[in-house]
1. Scan the chain and report its longest stretch carrying no GluC sites (Glu not before Pro) that are both in a DSSP loop and have at most 16 other Cβ atoms within 10 Å.
2. Cross-link list 12/39; 55/80; 12/55; 80/119: which exceed 18 angstrom alpha carbon to alpha carbon?
3. Using DSSP to call loops (not H, G, I, E or B), can you name the trypsin sites (Lys or Arg not before Pro) in segment 1-86 whose Cβ has at most 16 other Cβ atoms within 10 angstrom?
4. What distance in nm separates the two pseudo spin-label positions at residue 127 and residue 93, each 7 Å out from Cα along the beta-carbon direction?
5. Report the rotationally averaged projected area of the chain based on its alpha-carbon convex hull, in square nanometres.
Amino acid sequence: MSSDDYVDATQKLLKLKFNKKQDKEIAIVVVESCAQEEKFNKYYGYLAENLIKVKSGLKYSFQYALWDHFKQLENYSLRKISNLAKLFSFLVLRKNMGVQVLRSMELDSLSEHENLFVKIFFKDLLTAYLF
């Protein structure tokens, strides 16, 4: 939180030399911090992207963090769902993740909150891709 930008934040996190279990915690904290913002802040997308580039194993930690959130979408506010969808569309657009992050969802029987997540995810993805 005391970093100047996402590059500085990445460097500070990497200096801590986390083990694999702690690497998962980094992804969880970044995703949760993004979800808690008033509106989507690309800072977290750039931070996640930079962390994944420097430590490729974090890609899977971010996927697992998303899958953990999928299980709880019914309990989330519209703001939190929107921020999560936009974070992961950002990572897909920038080729840090693939659309397979959605594979844990049963797309033929989505709940209202899951449907909202998928709509925001694809709208954001297509809007950015087309423009």
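1. Between the exposed loop sites, the longest stretch runs 39-105.
2. Numbers: 12/39 25 Å; 55/80 26 Å; 12/55 14 Å; 80/119 14 Å.
Among 12/39; 55/80; 12/55; 80/119, the Cα-Cα distance tops 18 Å for 12/39; 55/80.
3. Of the trypsin sites (Lys or Arg not before Pro), the ones in loops of segment 1-86 whose Cβ has at most 16 other Cβ atoms within 10 Å are 17, 39, 55, 71.
4. Taking the two extended label points, one gets 0.9 nm.
5. Across all orientations, the chain yields a mean hull projection of 8.0 nm².
Just so you know, all these numbers are worked out from the coordinates, no wet-lab data involved. Model, not experiment: these values are computed from the prediction. When we count neighbours, we look across all protein chains shown, and the Cβ atoms used for this are built from the backbone with ideal geometry, even at glycine.
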